[in-house]
Amino acid sequence: MTSEPGQTQGGPRGEPMSAPGAGGGRDEPAPGRARRSGELKPASLKLRDVVRVGAVGLRTRPMRAFLSALGIAIGIAAMVAVVGISSSSRAELDGQLDALGTNLLTVTPGTRLTGEQAQLPLAAESMVRRIPPVRAESAIGKVDDASVYRTNKIPDVQTNGIIAYAARTNLLDTIGATIRSGKWIDAATGSYPATVLGASAAERLGITKAGPDTQVLIGNKWFTVLGILEPAALAPELDSAALMGWPAASDLSFDGHPTTIYTRSDDTQVPAVRSVLGATANPEAPNEVEVSRPSDALAAKQAAGQAFTGLLLGLGAVALLVGGVGVANIMVISVLERRAEIGLRRSLGATRGQIRTQFLTESLLLSALGGVGGALLGSAVTAAYASYQNWLTVIPVWALAGGVAATLVIGGLAGLYPAVRASRLSPTEALATP
């Protein structure tokens with residue numbers, strides 16, 4: 001059948017046949033079917049454009065962006081500050097150990113099987129000196145019944161916990177202690193009633209400067225304060241002590257037995273010396289001797305500090321998580337408020353992937369601002385505290401990099417749901433939102 005001029009050939013039921021590509025709206029290719037040549041492709045965004053579009057929400061709502069980033073910054077600042085302060089403290093401790101040495105061993109009397117306090121032999125010092133790897137040896141001996149007072153008007157019971165010790169003249173060189181004021185006991189002054197006070201003992205007695213006019217009462221004799229020590233890191237028992245020469249202590253109630261022997265050994269031989277020290281100091285009863293390493297106490301203190309650091313890091317992680325929840329909340333609200341913007345962009349040709357990228361980028365930028373700000377704030381807190389403590393400021397690079405990386409991960413997870421939700425909005429639904 002021939003058609004009339006001007007008429008269009010119809011289909012089997014007379015419907016008009018449309019030409020390929022005609023009709024309203026764009027044809028979307030079926031899934032799995034390649035796009036035919038000549039069809040329009042969505043414009044691709046460069047990285048610079050993605051960042052610029054993602055920053056629109058931050059520029060238009062600066063106060064909200066600041067408050068959201070602040071939650072992230074607090075968590076990162078807490079983590080960086082905790083790690084930085086702990087690392088600075090550890091570096092200070094390591095410096096002290098390097099300066100004082102970790103090869104100091106001490107020998108003290110233990111207890112007998114009957115529970116009584118044991119006693120080191122009079123020859124213990126000379127026996128210890130015979131150990132080949134021992135480079136230096138010194139000792140102190142407790143003077144019984146010799147309390148220390150500032151004046152003779154103080155009641156006997158108010159001893160302030162100050163203990164009188166006889167000390168060898170090479171004690172300071174062996175333990176690495178230093179004099180704050182005055183001078184140390186030597187061969188000449190060790191025979192006279194002269195004493196050197198520990199740092200805490202001088203403070204309790206109210207003495208700030210040594211001199212010939214400053215005296216304290218030890219037992220029933222007046223002793224001139226010859227010097228004042230700085231705090232002894234490896235021998236804290238000396239901080240609350242009044243030290244005098246071995247001959248001078250003999251004039252009081254001192255029996256001559258050492259109560260603590262200090263030894264310095266070759267670094268590589270410390271374990272070997274430690275294993276024979278007790279039997280050498282008291283061959284008849286080695287089980288009544290205790291051998292310790294003062295640096296182990298400092299190491300234990302450091303380990304306790306690390307455990308406390310772990311606790312604080314956990315609190316910082318919780319703060320970071322709370323900040324991430326805040327970012328997610330803000331991004332969801334941002335999607336709800338910007339439905340019209342999303343609809344307009346979709347109607348102008350933006351794909352769902354581009355909408356997802358926009359909001360995910362905005363979340364990452366918001367978290368990055370908080371991460372960088374928190375890292376700077378934590379570094380400033382660490383530097384200020386380390387300067388106050390006269391420490392070297394040490395901030396591990398991994399703490400800064402890890403903090404910023406953690407914020408990006410948190411920001412990506414926090415912005416994922418709002419980004420997907422924004423991309424699923426149809427243009428008509430979004431534009432119809434008042």
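The values are calculated or read from the model by the stated rules, or taken from the named source; none is laboratory data. Everything quoted here is computed from the prediction, not taken from an experiment. Every residue, glycine as well, gets a Cβ built from its backbone with ideal geometry; the counts of neighbours run over all protein chains shown. Surface areas here come from the heavy atoms of the whole protein model, side chains and all, with no ligands, DNA or RNA. Shrake-Rupley method; radii C 1.70, N 1.55, O 1.52, S 1.80 Å.
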- Note on the structure: Of (1) modelled with pLDDT of 85 or more; (2) open to solvent by 60 Å² or more (accessible area, probe 1.4 Å); (3) of a type in the set (Asp, Glu), Asp98 fails just (1)
- Note on the structure: Met127 vs (1) open to solvent by 50 Å² or more (accessible area, probe 1.4 Å); (2) part of a loop (DSSP other than H, G, I, E, B); (3) closer than 30 Å to Asn287 by Cα: all pass except (2)
- Message: For the list (1) hydrophobic (A, V, I, L, M, F, W, C); (2) open to solvent by less than 20 Å² (accessible area, probe 1.4 Å); (3) under 30 Å from Asn287 (Cβ atoms); (4) part of a helix (DSSP H, G or I), I need the number of the one condition that Val107 fails.
- Response: (4)
- Message: For the stretch 157-182, give me each residue that is touching a helix residue (DSSP H, G or I) at 6+ places or on another chain (Cβ under 8 Å) and surrounded by fewer than 20 Cβ atoms within 10 Å (Cβ to Cβ).
- Response: Asn160, Gly161, Thr169, Gly176, Thr178, Ile179, Arg180
- Verdict on Gly141 being in a strand (DSSP E or B) and either surrounded by fewer than 16 Cβ atoms within 10 Å (Cβ to Cβ) or touching a His at 6+ places or on another chain (Cβ under 9 Å) (or both): yes
- Task: Inspect the stretch 161-171 for any residue being assigned to a helix (DSSP H, G or I), under 40 Å from the mean Cα position of the chain (by Cα) and modelled with pLDDT of 90 or more and give the result as yes or no.
- Result: yes
- How many residues are crowded, with 18+ Cβ neighbours inside 10 Å and either of a type in the set (Val, Ile, Thr) or not in a helix (DSSP H, G or I) (or both) when one looks only at the stretch 345-391? 7
- Query: Restricting the search to the stretch 56-82, which residues are open to solvent by less than 10 Å² (accessible area, probe 1.4 Å) and within 12 Å of the chain's Cα centre (by Cα)?
  - Reply: Val80
- Task: Mind listing whichever residues of the stretch 389-427 are of a type in the set (Ser, Thr, Tyr) and under 16 Å from the mean Cα position of the chain (by Cα)?
- Result: Thr393
- Item | Every pair of residues 6+ apart whose Cβ atoms lie under 8 Å, when the first sits in the stretch 381-398 and is touching a residue at least 40 places away in the same chain (Cβ under 8 Å) and among the charged types (D, E, K, R) while the second is surrounded by 12 or more Cβ atoms within 10 Å (Cβ to Cβ) and in a helix (DSSP H, G or I) | none
- List the number of the failed condition for Ala136; all other conditions in (1) surrounded by 15 or more Cβ atoms within 10 Å (Cβ to Cβ); (2) without any contact (Cβ under 8 Å) to a residue 24 or more places away in the chain; (3) of a type outside the set (Val, Ile, Thr) hold. (2)
- Note on the structure: Selection from the stretch 169-194 of residues among the charged types (D, E, K, R) and within 20 Å of Pro231 (Cβ to Cβ) yields Asp173, Arg180, Lys183
- Note on the structure: Checked against (1) open to solvent by less than 60 Å² (accessible area, probe 1.4 Å); (2) assigned to a helix (DSSP H, G or I); (3) at pLDDT 85 or above, Val394 satisfies every condition except (2)
- If a residue has to be touching a helix residue (DSSP H, G or I) at 6+ places or on another chain (Cβ under 8 Å) and either under 28 Å from Thr102 (Cβ atoms) or of a type in the set (A, V, I, L, M, F, W, C) (or both) to count, how many in the stretch 186-211 make the cut? 3
- Those residues of the stretch 183-195 that are within 24 Å of Ser253 (Cβ to Cβ) and open to solvent by 80 Å² or more (accessible area, probe 1.4 Å) come to a total of 2
